[in-house]
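Undergrad: Below are the structure tokens for one structure; questions will follow.
Nothing in this text is a laboratory measurement; each read-out follows from the coordinates by a stated rule. Just so we're clear, the structure is a prediction, and the values are computed from it rather than from any experiment. Note that each Cβ is placed from the backbone with ideal geometry, even for glycine, and that neighbours are counted across all protein chains shown.
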């Protein structure tokens, strides 16, 4: 699997890279036909009451399809910790891959 990890507006941290790689391996265990993975973790700005807010986008390319999940910084769920944003984005992508895998079995 071709893997790309990008950090925007803040410096990459080894612990975050390791967390992303572990979650990527879990995605591959769920759906072995992943061709490429592109992850962007972005510091979106400073919120006066909540501090720095992070957003994580996960793009997964599988044969013939591209699946995208973006966990945005929202007022109802403050992503002040990039680890939480990463966790939620990968959780959502896991659900999406499981759904996609089930759909493939139905149409086959």
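Undergrad: If I take every Cα pair under 8 Å that is 6 or more residues apart in region 2-107, average their sequence separation and divide by the length, what percent do I get for the relative contact order?
TA: Numbers: 161 pairs, mean separation 25.9, N = 106.
24 percent.
Undergrad: Among 71, 3, which comes first, then next, by fewest other beta-carbon atoms within 10 Å? Walk me through the numbers before you get to the answer.
TA: Details: 71 23, 3 14.
The fewest-first ordering by Cβ neighbours comes to 3, 71.
Undergrad: Report, in deg cm²/dmol and to the nearest 500, the calculated mean residue ellipticity at 222 nm for the chain, where each DSSP H run with n ≥ 4 adds -39500 (n - 2.57) and the sum is divided by the residue count.
TA: Details: 2 runs with 43 residues, N = 108.
One gets -14000 deg cm²/dmol as the mean residue ellipticity at 222 nm.
Undergrad: Against the longest principal axis of the chain, how steep is helix 14-30, in degrees 0 to 90 to the nearest 10, with axes from Cα atoms?
TA: 20
Undergrad: Once you have the Cα-Cα distance between residue 29 and residue 68, take 0.36 nm times their residue separation minus that, and quote the gain in nm to one decimal. Show your work: numbers first, answer last.
TA: Working: separation 39, 0.36 × 39 = 14.04 nm, distance 1.80 nm.
This chain segment gains 12.2 nm when fully extended.
Undergrad: Using R₀ = 25 Å, calculate the FRET efficiency as 1/(1 + (r/R₀)^6) where r is the Cβ-Cβ separation of residue 40 and residue 95; round to 0.05. Walk me through the intermediate numbers first.
TA: Working: r = 19 Å, r/R0 = 0.78.
Computed FRET efficiency for residue 40 and residue 95 comes out at 0.80.
Undergrad: Which of the peptides 98-104, 84-90 is most tightly packed, and how do the rest follow, judged by the mean count of other Cβ atoms within 10 Å per residue?
TA: On the way: 98-104: 12.6, 84-90: 20.1.
Result, highest mean Cβ count within 10 Å first: 84-90, 98-104.
Undergrad: Measure off 7 Å from each Cα along the Cα-to-Cβ vector at residue 105 and residue 18, then give the distance between these two points in nanometres to one decimal.
TA: It is 3.5 nm.
Undergrad: Going by the alpha-carbon gyration tensor, a ≥ b ≥ c the square roots of its eigenvalues, is the chain rounded (a/c under 1.5) or, if a/c is not under 1.5, prolate (a/b greater than b/c) versus oblate? Walk me through the intermediate numbers first.
TA: Details: a/c = 2.62, a/b = 1.82, b/c = 1.44.
Judged from the Cα gyration tensor, the chain comes out prolate (a/c at least 1.5, a/b above b/c).
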